[in-house]
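Participant: Let me give you the structure first, and then I'll get to my questions.
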Amino acid sequence: MLAYLPRPPTDTSRYGTFPQKPDLPAAPGALVEDGRQQAAATTAKRSAPMPNYSSAPRRSGFVPGEPSLPPSRGSLATQYHRGRPSWCPPPAPQEAGARLYPLHALSVANIPNSARGKTSARSSTVPTPEGLQSRRCKLLEEDSPMVQASKRQRQRYVTKVGKCQVNLGNIQDKKRFLSDIFTTIVDLKYRWFLFVFMMCYIVTWVVFGIIYFFDAWVRGDVGHQGDPEWRACIENVDGFVSALLLSVESQRTIGYGTRMVTANCAEGVILLMAQSIVGSMIDAMMVGCMFVKISRPKKRAQTLIFSKNCVISRRDEKLCLMFRVGDLRESHMVDAKIRAKLIKSRQTAEGEFIPLEQSELNLGYDTGEDRLFLVEPQIICHVINRHSPFWDMSAESLRREQFEIIIILEGIVEATGNCCLATGMTCQARTSYTEDEILWGYRFEPCMSLEKGAFQVDYSRFEMTFEVQTPAASAKELHELKELEQQEHSTLSLYWDHLLQPCALPGP
């Protein structure tokens, strides 16, 4: 949840995303023992044949004022210390009371004040220049683009293909799912759905086959096979397999004529009636579930595509956030609507932390622009005004933010709807954009042309963008600058009007 907190304004944001509690210094005895083990390991490594390369001296044992690292981190620190480049800057003197946090705790701007105060109170050690220099070199080596890209990866709320990355757990009242058994079966995956589909028939065939065999065995029909004078209740049933075949033939109305229930017993007739009713109910339920599962417009969303990136540029002298949507099928969506949600964690003025808060982005629902006639690819625009959450966000502050924009496109599948739109099935396509997928100062290239009396859509240009001249300031700053220019222009015009005004001549 902390992945969507705003990044700190310093450059330490790329070294960590999730604020964690820094490692506490261990006891002096444990540090001494750990130093002895590291010294023994170093001696053993030096005694083994190794390539001829220079290595910096390494200290072992307890050093006052140096924070202790776990064994894994100690080995990493030693490795970076040994392989320190020659261009690393010399260690700078540290002030008293300074604290060097681990890499995963460098986002100190995300840590609450109370936690930060406790950490400062508990950590009073001062790192030595050697450990500080090794860690600085480690941070400098992590400035490469690949390392930054790997550290910027985080968990999405919604994937690019529209799958929600939310797992529900610790559900106590699970009998609610059994109360709506139809929806529960339809929502199953196909492998489990086919398993339930087959088991419903197989179980009923086996159960009624056992009952048929038990009835024939109790009445003596099994032992009197071939006796013409014996009045059998169930004919030609001499074992469980033949009883199972009778159950399958009765429920599926096959009726080969060799095995059958006669009128010599009442329980046989009642059993046949019960199996016919149960079989009809299973057919109605399973066939209905299969039809609904196949005809669900969930796969229709696969042909609704979104651009991989959002762009921010000026349109009609307003700063706008834009993305592109398209429909690959010739059967269009009916009553298509689009909306957007901003997912971002924040902390209120009272100190309450709201994880993954959802806020609405205006895509034109007040003017009706959110209702699309999705025949060709369209560029959806969000005007960044004073009601937008991006009002005071500039190109520089965008890099420090952490949020996610969820796009939801809904519509009725044309093949399942009618003129009244009463029986149409609603299809929903989703995607998401993180702050890394927003291009500041770009615009989408047109992908439509007029050919042979019709408009031609070139989907190979669907993702293409080109750079345009866009100010890096926020929409709020641009608005204030524009108002200031208007005020200066009005003041200057009044001044010149006053100077150019002809002097009034006195009367006779």
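Participant: Looking at (1) of a type in the set (A, V, I, L, M); (2) closer than 30 Å to R252 by Cα; (3) part of a loop (DSSP other than H, G, I, E, B), which is the only condition V287 fails?
Facilitator: Against the list (1) of a type in the set (A, V, I, L, M); (2) closer than 30 Å to R252 by Cα; (3) part of a loop (DSSP other than H, G, I, E, B), V287 comes up short only on (3).
Participant: Further, regarding this structure: What helices (runs of 4 or more DSSP H) completely inside region 172-223 contain at least 2 residues that are touching a residue at least 12 places away in the same chain (Cβ under 8 Å)?
Facilitator: Correct list: 181-186, 190-219.
Participant: Another question, then. From E235, E229, grab the single residue that is among the acidic types (D, E), exposed (fewer than 14 other Cβ atoms within 10 Å of the Cβ) and within 30 Å of A266 (Cα to Cα).
Facilitator: Matching residue, one of E235, E229: E229.
Participant: While we're on this one: I'm checking my understanding of the structure. Among residues of region 291-313 that are without any contact (Cβ under 8 Å) to a residue 24 or more places away in the chain and not aromatic (F, W, Y), which one is nearest to L328 (Cα to Cα)?
Facilitator: In this case the residue turns out to be Q302.
Participant: Here is a check on your reading of the model: is I379 over 30 Å from S449 (Cβ atoms), at pLDDT 90 or above and not acidic (D, E)?
Facilitator: Answer is no for this residue.
Participant: Among the residues of region 294-338, count how many are open to solvent by 40 Å² or more (accessible area, probe 1.4 Å), modelled with pLDDT of 90 or more and farther than 30 Å from K482 by Cβ.
Facilitator: 4
Participant: OK, next. For region 339-356, check the following and say yes or no: at least one residue is open to solvent by 30 Å² or more (accessible area, probe 1.4 Å), within 22 Å of I379 (Cβ to Cβ) and not in a strand (DSSP E or B).
Facilitator: The answer is no, given that none of the residues of region 339-356 is open to solvent by 30 Å² or more (accessible area, probe 1.4 Å), within 22 Å of I379 (Cβ to Cβ) and not in a strand (DSSP E or B).
Participant: Can you work out which of the residues in region 461-489 that are modelled with pLDDT under 90 and of a type in the set (D, E) is farthest from P389 (Cα to Cα)?
Facilitator: Ranking the candidates gives E488 first.
Participant: Could we say that F373 is out of contact with any Ser or Thr (no Cβ under 6 Å at 6 or more places or on another chain), of a type in the set (F, W, Y), within 27 Å of R329 (Cβ to Cβ) and open to solvent by 60 Å² or more (accessible area, probe 1.4 Å) here?
Facilitator: yes
Residues are listed down the side, and each one gets a yes or a no for (1) modelled with pLDDT of 90 or more; (2) farther than 15 Å from N309 by Cβ; (3) in contact with a Phe, Trp or Tyr (Cβ under 9 Å, 6 or more places away or on another chain):
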residue: D392; (1), (2), (3): yes, yes, no
residue: G417; (1), (2), (3): no, yes, no
residue: A422; (1), (2), (3): no, yes, no
residue: E435; (1), (2), (3): yes, no, yes
residue: P446; (1), (2), (3): yes, yes, no
residue: S493; (1), (2), (3): no, yes, no
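Participant: Being touching a residue at least 24 places away in the same chain (Cβ under 8 Å), touching a helix residue (DSSP H, G or I) at 6+ places or on another chain (Cβ under 9 Å) and open to solvent by less than 90 Å² (accessible area, probe 1.4 Å) is the requirement here; does I254 meet it?
Facilitator: The answer is no for I254.
The values are calculated or read from the model by the stated rules, or taken from the named source; none is laboratory data. Source: prediction; values computed, not measured. A quick note on method: Cβ atoms are made from the backbone with ideal geometry, for glycine too, and the neighbour counts reach across all protein chains shown. These area figures cover heavy atoms from the full protein model, side chains too; ligands, DNA and RNA do not enter into them. Shrake-Rupley method; radii C 1.70, N 1.55, O 1.52, S 1.80 Å.
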